[in-house]
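The values are calculated or read from the model by the stated rules, or taken from the named source; none is laboratory data. Not measured: the values here are computed from a predicted model. As a convention, Cβ positions derive from the backbone with ideal geometry for all residues, glycine included, and neighbour counts pool all protein chains shown.
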């Protein structure tokens with residue numbers, strides 16, 4: 001299922017890139033998404049947060065979430081909404097896993113494990129990163145606690161899904177930056193530390209903007225049809241004003257430019273935050289991780305030369321540090337660097353993850369995520385991500 005979803009999103013993106021004017025139909029797409037959720041009587045806000053909560057509290061996950069998020073994400077990408085794929089991956093995998101658990105009549109503890117396996121599998125199929133997928137599923141639920149009971153089943157699920165995606169010739173996400181990685185010394189460690197600290201600030205800004213925009217749009221528009229339509233108009237109008245389609249969809253052009261060519265405008269990350277916050281806040285579907293990769297790569301690429309770093313390496317550090325800052329998963333972040341950038345510079349990427357995790361506060365993209373332990377001292381706090 002993850003492979004077919006990947007293929008569908010790629011096809012939707014190809015169609016939009018061939019006919020970029022489709023972005024002006026985004027308001028209509030918003031109406032269609034709201035209609036799909038209304039006609040199936042599914043909560044429009046029941047997304048990744050529901051999947052995360054279900055693992056801790058055994059909350060029911062409707063199977064209808066799978067086809068709804070599949071279609072809604074494709075509509076969002078087809079018409080130029082700024083979103084990623086991992087939110088859909090977690091919901092798709094989680095809802096399928098929950099249904100399998102119901103059919104097998106599993107108890108609530110085994111049900112949680114099956115949902116985690118579903119999350120790992122679809123995530124791995126989409127990004128081609130089985131280790132990251134496995135540890136992300138185990139780590140994202142409760143920050144400071146890793147559900148190691150899921151290591152073997154989640155890794156098995158991720159590896160199988162990854163292999164299936166390769167059989168369908170789905171290229172995994174990989175970037176070659178080894179020639180830009182500096183030697184491991186005091187200078188490079190300090191440079192990475194400073195850039196990672198800046199990325200932690202950007203991660204807080206991103207999370208705060210996402211939450212503020214969501215709450216503001218809900219207060220302005222009590223009718224979800226009007227909210228989605230207004231959000232679509234805003235994205236279409238801003239696209240027209242800026243005269244570029246760089247911030248629509250996943251924005252892979254900017255990501256590739258930053259990581260492979262060392263080129264990004266200093267303001268790219270700001271506009272991507274705005275586009276993504278309005279898209280998701282208005283009710284369009286997708287995810288925030290690919291936009292996070294965009295924001296991190298663009299910011300890191302632009303800031304790196306100011307610190308005496310190669311822009312390509314700075315972009316890579318930005319990806320890892322920002323990912324860690326918004327999902328609060330340092331182990332998964334380190335594995336992400338290993339799988340998409342290779343082993344060169346692994347210790348520097350580990351340092352980037354550590355600094356960003358420590359300084360990003362208790363913010364996160366998923367409000368149902370529990371932060372069990374303080375990031376600064378050995379203290380049990382048990383709070384929800386802001």
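Side notes on the structure shown:
- Hey, residue 179 in contact with a helix residue (DSSP H, G or I) (Cβ under 9 Å, 6 or more places away or on another chain), more than 19 Å from residue 289 (Cα to Cα), outside any loop (DSSP other than H, G, I, E, B) and without any contact (Cβ under 8 Å) to a residue 24 or more places away in the chain or not: yes
- Unique residue being more than 23 Å from the chain's Cα centre (by Cα), crowded, with 16+ Cβ neighbours inside 10 Å and over 24 Å from residue 333 (Cβ atoms) when the list is 180, 221: 221
- If you check 254, 317, 290, 278 for being modelled with pLDDT under 95, out of contact with any strand residue (DSSP E or B) (no Cβ under 6 Å at 6 or more places or on another chain) and assigned to a helix (DSSP H, G or I), only one passes: 290.
- Exactly one residue out of 347, 336, 306, 322 is within 20 Å of residue 175 (Cβ to Cβ), part of a helix (DSSP H, G or I), out of contact with any helix residue (DSSP H, G or I) (no Cβ under 8 Å at 6 or more places or on another chain) and in the same structural domain as residue 258 (by TED's automatic domain parsing), and it is 347.
- Against the numbered list (1) closer than 26 Å to residue 325 by Cα; (2) more than 17 Å from the chain's Cα centre (by Cα); (3) in a helix (DSSP H, G or I), residue 226 comes up short only at (1).
- Helices (runs of 4 or more DSSP H) fully within region 57-159 that include at least 1 residues being over 30 Å from residue 25 (Cα atoms): 86-103, 108-127, 130-139.
- Checked against the criterion of being within 25 Å of residue 123 (Cα to Cα) and out of contact with any helix residue (DSSP H, G or I) (no Cβ under 6 Å at 6 or more places or on another chain), region 221-233 has no qualifying residue.
- Taken together, the criteria place residue 365 among residues that are in a loop (DSSP other than H, G, I, E, B) and buried (at least 24 other Cβ atoms within 10 Å of the Cβ).
- The listed residue being free of Cβ contacts under 8 Å to residues at least 60 places away in the same chain and outside any loop (DSSP other than H, G, I, E, B), out of 235, 295, 204, 270: 270
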